[in-house]
Amino acid sequence: MTQLESARAGRATPELIAAAEREQIPAEELLRKVCEGRAVILSNRRPRKPCPIGEGLRTKVNANIGTSPDYVDIETELEKLRAAEEAGADTVMDLSTGGDIPAIRKTILERANVPVGTVPIYEVALDGDFTAERLFEVIRQHAKDGVDFVTVHCGVTRASLETLSKHPRLCHIVSRGGAFLAKWMRDHGRENPLYERYDELLGIAREYDVTLSLGDGLRPGSIADALDPAQVHELMIMAELCERARKAGVQAMVEGPGHVPLHQIEAQVKMQKELTKGAPFYVLGPLVTDVAPGYDHITAAIGGALAAAAGADFLCYVTPTEHLGLPKPEHVRAGVVAARIAAHAGDIAKGVRGAAAWDRQMSLARRQRDWTRQIALSLDPAHAAELRHLTKPGNEEVCSMCGKYCVFKLSEPNQEPGK
């Protein structure tokens, strides 16, 4: 039985119980959310830490790693995996497009301590044998290998592409999986096999309890294209497919944009939640401006915080090298930390259990000038400790910013300025 089928039967699986303990919520509460399709538990029956994603839960963060045609080095990818996990990523996705992709995937699956996702169409499109049969064969192999979730661009249909052609974009299709499928559909004059044979896809997902991440192949790739007819058309298709997945006992979440201006983020999140009846929402960023290459982890964190506050459940990180090149391990770390800050800020806003309490503990440690406690409570303790060491004053009770004029010292009873 899948996690969803078990929940409907009223049975709390070991993975669900472990996930509820991590979230510090009753198992019955998480079981109800899974049963209603408002939460998923990423777990493909492998000895990796199960990850719950959804309504009322801590906003999770994904880190993308993987090779490119120009850079194929599995050791570097394993360094990225370690960097992502050490920085606190809840999941990773292997998006390799260079080298021996099946071997790279299996190595990452063997080494990862967190759930792993993939985009099977990459392997199919790049091995030169792109047929519908080959696509389903590869999806099954990914599931059999132990992948916990797969991105499948089922909403890129002939109808949605027709909508796109009637309403041209500045940046057209920026999803690589969406672009591969659109080209195949044009070349063959056929419907998207992931949509046409969706029941077959559901059968594979149910057999291996793999969560479907319904990919936004028509997500906007520029601020100018946000919330256009093609994006909305695809979202409506994904809402329909999400409901079909629930009925089949398959866990599903829905992916979202992309590049979105600040003033649209809340509306887009709420629209997705309404159309999909509360399905977990997985967003890339979103990036709130197009003009900050080199700093897009910050651009994405701004949008991610707003999206999480509005109800998004899962943030895909963006690294400083987004739009510029393949990230290195240090860029992976920076991207994860930025996304985690955004996720936590969103959790405070939407009242996730324990979020505000963490900040309260930090504030108390600051008031008490308990530096050991402050570093331990930091989102990135190693970095905080490094900066404290580099700028530590002679008087270790205070910091080098204010020194003897520390506001907490000045606020203490019977304390004169400068003493």
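The values are calculated or read from the model by the stated rules, or taken from the named source; none is laboratory data. Quantities reported herein were computed from a predicted structural model and do not represent experimental measurements. Note that each Cβ is placed from the backbone with ideal geometry, even for glycine, and that neighbours are counted across all protein chains shown.
Some values worked out for this structure:
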quantity	calculated
Single condition residue 88 does not satisfy, out of (1) in contact with a Ser or Thr (Cβ under 8 Å, 6 or more places away or on another chain); (2) of a type outside the set (A, V, I, L, M); (3) at positive phi	(1)
Strands (runs of 3 or more DSSP E) (entirely within segment 1-105) containing at least 3 residues that are modelled with pLDDT under 95 and over 24 Å from residue 139 (Cα atoms)	none
Residue match in segment 336-348 (condition: in contact (Cβ under 8 Å) with a residue 24 or more places away in the chain and farther than 27 Å from residue 64 by Cβ)	no
Neighbours by Cβ (under 6 Å, 6+ apart or cross-chain): first from segment 63-78, closer than 15 Å to residue 319 by Cα; second surrounded by 21 or more Cβ atoms within 10 Å (Cβ to Cβ) and of a type in the set (Phe, Trp, Tyr)	63/317
Breaking point among (1) surrounded by 14 or more Cβ atoms within 10 Å (Cβ to Cβ); (2) within 34 Å of the chain's Cα centre (by Cα); (3) not polar (S, T, N, Q), for residue 381	(1)
Subset of segment 384-408 (residues that are of a type in the set (Val, Ile, Thr) and either surrounded by 13 or more Cβ atoms within 10 Å (Cβ to Cβ) or farther than 20 Å from residue 361 by Cβ (or both))	391, 398
Unique residue being aliphatic (A, V, I, L, M), under 28 Å from residue 208 (Cβ atoms), at pLDDT 95 or above and under 20 Å from the mean Cα position of the chain (by Cα) when the list is 254, 260	254
One residue from 327, 320 being in contact (Cβ under 8 Å) with a residue 60 or more places away in the chain, touching a Pro at 6+ places or on another chain (Cβ under 9 Å) and closer than 19 Å to residue 76 by Cα	327
Members of segment 279-300 that are in a helix (DSSP H, G or I) and out of contact with any strand residue (DSSP E or B) (no Cβ under 7 Å at 6 or more places or on another chain)	297, 298
Helices (runs of 4 or more DSSP H) wholly inside segment 301-394 that include at least 3 residues being at pLDDT below 95	381-390
